[in-house]
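See structure below.
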Amino acid sequence: MRLPRVYVDTSVLGGYFDSEFAQWSRALMNDFHAARLQPFLSDLLAAELEGAPEQVRRLYAELRPLAGPTIALSPDALDLAARYAAHQIVPARFRNDMLHIALATVADADIVVSWNFRHIVRFDKIRQFNAVNLEAGYKAIAIHSPREVATDDSQGR
């Protein structure tokens with residue numbers, strides 16, 4: 001049986017070191033290490049982490065071997081992100097938020113995890129992203145916070 005493929009955005013790695021989100025980001029990382037879930041990582045994530053604190057970059061380096069090939073920016077993902085922008089799902093200045101969803105969709109991830117409740121993990125935004133996905137010939141994608149996805153019970157839930 002194939003493991004659920006979980007696209008990880010930048011906020012999840014930063015959340016690992018934030019007291020508000022650490023419990024759930026750490027539980028998700030434990031799920032990746034225990035091979036209950038497969039992380040999907042992208043070139044966009046790597047680029048966003050270039051200026052991140054050292055501890056966040058180390059966490060990414062630890063996660064990298066658990067993931068399959070890194071998802072590269074592609075013309076299909078750029079086109080899908082442009083469709084999101086045309087539908088004004090997220091303000092244009094937050095292009096990377098749209099790119100994360102587009103990359104995950106084009107790569108056929110099962111789930112996107114994010115702590116971005118403003119532009120990504122929001123009922124109205126999820127519906128809009130998925131409407132465009134279906135219109136463009138892709139499947140709908142699940143979008144959740146790590147709290148909703150993590151299955152590891154060792155983190156005190």
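The values are calculated or read from the model by the stated rules, or taken from the named source; none is laboratory data. Remember, predicted model here, so these are calculated numbers, not experimental data. Here Cβ is always computed from backbone atoms with ideal geometry, including for glycine, and neighbour counts include all displayed protein chains. Remember, those area values only see protein heavy atoms, side chains included, never the ligands or the DNA or RNA. Shrake-Rupley method; radii C 1.70, N 1.55, O 1.52, S 1.80 Å.
Data overview
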item	result
Hey, Pro69 without any contact (Cβ under 8 Å) to a residue 24 or more places away in the chain and closer than 16 Å to Pro4 by Cα or not	yes
Unique match (being closer than 23 Å to Arg147 by Cα, hydrophobic (A, V, I, L, M, F, W, C) and surrounded by 20 or more Cβ atoms within 10 Å (Cβ to Cβ)) among Leu13, Leu49, Leu3	Leu13
Residue in region 85-97 that is among the polar types (S, T, N, Q), open to solvent by 10 Å² or more (accessible area, probe 1.4 Å) and under 22 Å from Asn130 (Cβ atoms) present	yes
Residue identified as open to solvent by 60 Å² or more (accessible area, probe 1.4 Å), small (Gly, Ala, Ser), modelled with pLDDT of 95 or more and over 22 Å from Phe129 (Cα atoms) among Ser25, Ser19	Ser19
Selection count where residues are assigned to a helix (DSSP H, G or I) and hydrophobic (A, V, I, L, M, F, W, C), scope region 69-99	11
Check on Ile120, in contact with a Lys or Arg (Cβ under 7 Å, 6 or more places away or on another chain), assigned to a loop (DSSP other than H, G, I, E, B) and surrounded by 20 or more Cβ atoms within 10 Å (Cβ to Cβ)	no
Residues that are aliphatic (A, V, I, L, M) and part of a loop (DSSP other than H, G, I, E, B), drawn from region 123-142	Ala136, Ala140, Ile141
First in region 76-100 and on the phi < 0 side of the Ramachandran plot, second anywhere and of a type in the set (S, T, N, Q) and buried (at least 16 other Cβ atoms within 10 Å of the Cβ), Cβ under 7 Å, 6 or more apart	Leu80/Thr105; His87/Gln128; Ile89/Gln128; Asp97/Asn116
Pairs, first free of Cβ contacts under 8 Å to residues at least 60 places away in the same chain in region 51-63, second open to solvent by 20 Å² or more (accessible area, probe 1.4 Å), C-beta under 6 Å, six or more apart	Gln55/Phe17; Val56/Gly14; Leu59/Tyr16
